[in-house]
Amino acid sequence: VMIRFSSQTALFFLGILAIIFGAGAINKEIEDGTIRIALSKSVTRLGYILGKYSGQLVVFGVALLLTSFVTLAGLQWVGVSVSKITADVFLLNVLLLLTMLEFIAIGYIISTFVRSSGASLGVALGVFFILYVLLPTVVSYEMGKNLPENLSMEELNDYTANYYTKYLFYSPSAQFSVILDAVNEYKEVTKTIEINGETHTYRDYTAEYAGIGRAMRKRAVNVALLVVMTLVYLGIATWRFLRMDLR
């Protein structure tokens, strides 16, 4: 519960921050004229955009690394044993970093197509809303209409993962959620209840925490999508930047 709550909260706020960072990365420097000064030196356009992206990667990576240490120290301070979740905290932040890098790359596309830094901020927030809320809601609704009956909890998670992988492969937040849904391992149990003197049996489930590592292995395709789509988005932004008029 703690990992799910903290990761979803971090995904929302860091996702907004990441896409805004990316959306102002290029056009703001064109407006200020700093990009022309940088390119007047021995810096190519390709080196400039890749270097800028790498710098933001380092910033977010260091921030999440510090977050991991602070989280573990805080839990240890309040008396929670962290020996069993230390690896999971770091793996979770690696997963968050991959998701943030994809959001930054999406922001770079916005930054290279929308010349006004002010307008790109509004576009970035709109794109984030579409990717984080609107499209997953639409896909979940369509999935619900075609949902087979009598699925176990594990089968339901797998069915949802397949649907999100097929129709939301371009959404970093959707892929992150799919991976996180696999942290629990569900087992079916039969329970009995007595009603008006009659005994009835029903099917229930127990959830056992299996870890972030297990979730990433089970949803390896979704982890790969985070990496592949980041490269695709960054490739589109780079292609556009190499052809931009920087005047």
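The values are calculated or read from the model by the stated rules, or taken from the named source; none is laboratory data. All figures in this text were calculated on a predicted structure; none of them were measured in a lab. Here the Cβ is made from the backbone with ideal geometry for all residues, glycine too, and neighbour counts use every protein chain on show.
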_Regarding the stretch 90-102, can at least one residue be identified that is at pLDDT below 90 and either under 29 Å from ARG243 (Cα atoms) or touching an Asp or Glu at 6+ places or on another chain (Cβ under 7 Å) (or both)?_
no
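Residue-by-condition table, conditions (1) without any contact (Cβ under 8 Å) to a residue 40 or more places away in the chain; (2) surrounded by fewer than 16 Cβ atoms within 10 Å (Cβ to Cβ); (3) within 30 Å of ILE110 (Cβ to Cβ):
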site: SER152; (1), (2), (3): no, yes, no
site: ALA161; (1), (2), (3): no, no, yes
site: TYR167; (1), (2), (3): yes, no, yes
site: LEU180; (1), (2), (3): no, no, yes
site: LYS218; (1), (2), (3): yes, no, no
*Return the only residue of GLY235, GLY197 being of a type outside the set (Asp, Glu), without any contact (Cβ under 8 Å) to a residue 12 or more places away in the chain and farther than 30 Å from ALA105 by Cβ.*
GLY197
_Looking at the structure I just gave you, is PHE12 in contact (Cβ under 8 Å) with a residue 12 or more places away in the chain and aromatic (Phe, Trp, Tyr)?_
yes
*Looking at the stretch 145-157, is at least one residue among the charged types (D, E, K, R), within 23 Å of VAL221 (Cβ to Cβ), at pLDDT below 95 and in contact with a helix residue (DSSP H, G or I) (Cβ under 9 Å, 6 or more places away or on another chain)?*
no
_Tell me whether the stretch 211-229 contains one or more residues that are over 16 Å from the mean Cα position of the chain (by Cα) and at pLDDT below 85._
yes
_So GLY51, is it small (Gly, Ala, Ser), more than 20 Å from the chain's Cα centre (by Cα) and surrounded by 12 or more Cβ atoms within 10 Å (Cβ to Cβ)_ = yes
*Could you tell me whether the stretch 15-29 includes any residue that is surrounded by 13 or more Cβ atoms within 10 Å (Cβ to Cβ), part of a helix (DSSP H, G or I), over 26 Å from the mean Cα position of the chain (by Cα) and touching a residue at least 12 places away in the same chain (Cβ under 8 Å)?*
no
*Being more than 37 Å from the chain's Cα centre (by Cα) and part of a strand (DSSP E or B) is the filter; apply it to the stretch 192-203 and report the residue that is farthest from ALA215 (Cα to Cα).*
GLU198
*Can you tell me which residue within the stretch 164-190, out of those that are of a type outside the set (Ser, Thr, Tyr) and outside any helix (DSSP H, G or I), is farthest from VAL89 (Cα to Cα)?*
VAL189
